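Please read the structure below before turning to the comments.
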Amino acid sequence: MKSNVYIHKSNITDFLLKLTLMLLIPFALFGIYKSGYRIYHHGYGNLFTILKPILYVMIALIISFVNSRIMKKKFISSGLLSNILISLVIMPEANFFLAVGLMILVNIIVHFIKINPVALYMVILILISMIFKNYSFLNIFEKEIDHVYILMDYLLGLGYGGISNTLLIMSIISFITLLCIREYKKEIPLLAFIVYYALLLVKLIFTHDLTSSFFINNNLIFAFIFIAPLSRFTPYSKGGCYIYGVLLGALTFALSFINLDLGVYLSILLLSVIAGKIDKFII
């Protein structure tokens, strides 16, 4: 009989963790090209522009290593995964020192509050960017030159998004791979995608709004696959994961009327706060 809860045995959890980290490597490498070399090649930026995507990853590794020494825990951990995810989803033109300082601050906060650190990081970063009127997920090259993308361009990573999370074809491959892993909380992204796109189609019927960024949004797709199902911040019961997934899709859609990029991260953040209450409701 199938278990109705996720039991995290250390060896199985470590396998899922290491597999997820491996799946993120192509994103990091592509970020060096899209958000680094490609910009520099077209005459927008300098040597720092090329190095910035990999610098974020290196800083994430350093912060995680320091945390592991202070807390006397394993280096390869959920904390490392969260920091690597943060390094991939940072806004391309975010202030470097603000981005790094915020990463350190979030690592401190999550020692005291059980909350999804990636979602917390992005909500704060986006709100600060909105306040100072420099909010954008476009890099400097994309800001200067208008681009018209076809589906293949999006698949090959040329759509807008975080500094290293736009390789859509790799998001699809990663999702298919993770669906085969029993410990991956697949109910969350599956239901979130179904509910979000079902509501989007209903909206399309009534408004005829074909805005492509609502259908192919790298922040949303990457977040649903990698960030929303993070084990520590989601329900442990299968029923709880069903509810979490439905709420994630519906809440993201509702908040998309304000701002879709903020909406998906804010939805994950709010649901991570009530994940335990969802389990209690199910039980």
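The values are calculated or read from the model by the stated rules, or taken from the named source; none is laboratory data. Note that the structure is predicted; figures quoted are calculated from it, not measured. Every residue, glycine among them, receives a Cβ derived from its backbone with ideal geometry; neighbour counts consider all protein chains shown. What goes into the accessible areas is simple: the full protein's heavy atoms, side chains included, and nothing from ligands, DNA or RNA. Shrake-Rupley method; radii C 1.70, N 1.55, O 1.52, S 1.80 Å.
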Select from region 189-223 the residues that are farther than 17 Å from L158 by Cβ and not in a helix (DSSP H, G or I) and list them in ascending order. H208, D209, L210, T211
T166: passes all of (1) buried (at least 17 other Cβ atoms within 10 Å of the Cβ); (2) of a type in the set (V, I, T); (3) under 15 Å from the mean Cα position of the chain (by Cα); (4) in a helix (DSSP H, G or I) but (4)
For region 258-273, how many residues meet the condition of being open to solvent by 20 Å² or more (accessible area, probe 1.4 Å), within 12 Å of N116 (Cβ to Cβ) and of a type in the set (S, T, N, Q)? 0
Name the single residue, out of those in region 83-108 being of a type outside the set (A, V, I, L, M, F, W, C) and part of a helix (DSSP H, G or I), that is nearest to L220 (Cα to Cα). S87
Segments classed as helices (runs of 4 or more DSSP H), wholly inside region 1-82, with at least 1 members that are at pLDDT 95 or above and open to solvent by less than 100 Å² (accessible area, probe 1.4 Å): 10-32, 47-71
Inspect all residues belonging to region 145-152 and state whether any of them is more than 16 Å from N217 (Cα to Cα) and either part of a helix (DSSP H, G or I) or out of contact with any Cys (no Cβ under 9 Å at 6 or more places or on another chain) (or both). yes
Taking into account only those residues within region 235-257 that are assigned to a loop (DSSP other than H, G, I, E, B) and of a type in the set (S, T, Y), which is nearest to A119 (Cα to Cα)? S256
Checking V202 against (1) open to solvent by 40 Å² or more (accessible area, probe 1.4 Å); (2) touching a Gly at 6+ places or on another chain (Cβ under 8 Å); (3) under 16 Å from L251 (Cα atoms), which single condition isn't satisfied? (2)
Return the pair list, or none, for Cβ contacts closer than 7 Å from residues in region 150-176 that are over 10 Å from F27 (Cβ atoms) to residues that are aromatic (F, W, Y) and open to solvent by 10 Å² or more (accessible area, probe 1.4 Å), at least 6 apart or on different chains. L158/Y149; G159/Y149; L168/Y154
Across region 109-123, which residue is farthest from L220 (Cα to Cα) among those that are part of a loop (DSSP other than H, G, I, E, B) and touching a helix residue (DSSP H, G or I) at 6+ places or on another chain (Cβ under 6 Å)? V110
I'm trying to understand the selection: among the residues of region 218-243, which are of a type in the set (F, W, Y) and touching an Asp or Glu at 6+ places or on another chain (Cβ under 8 Å)? Y236, Y242
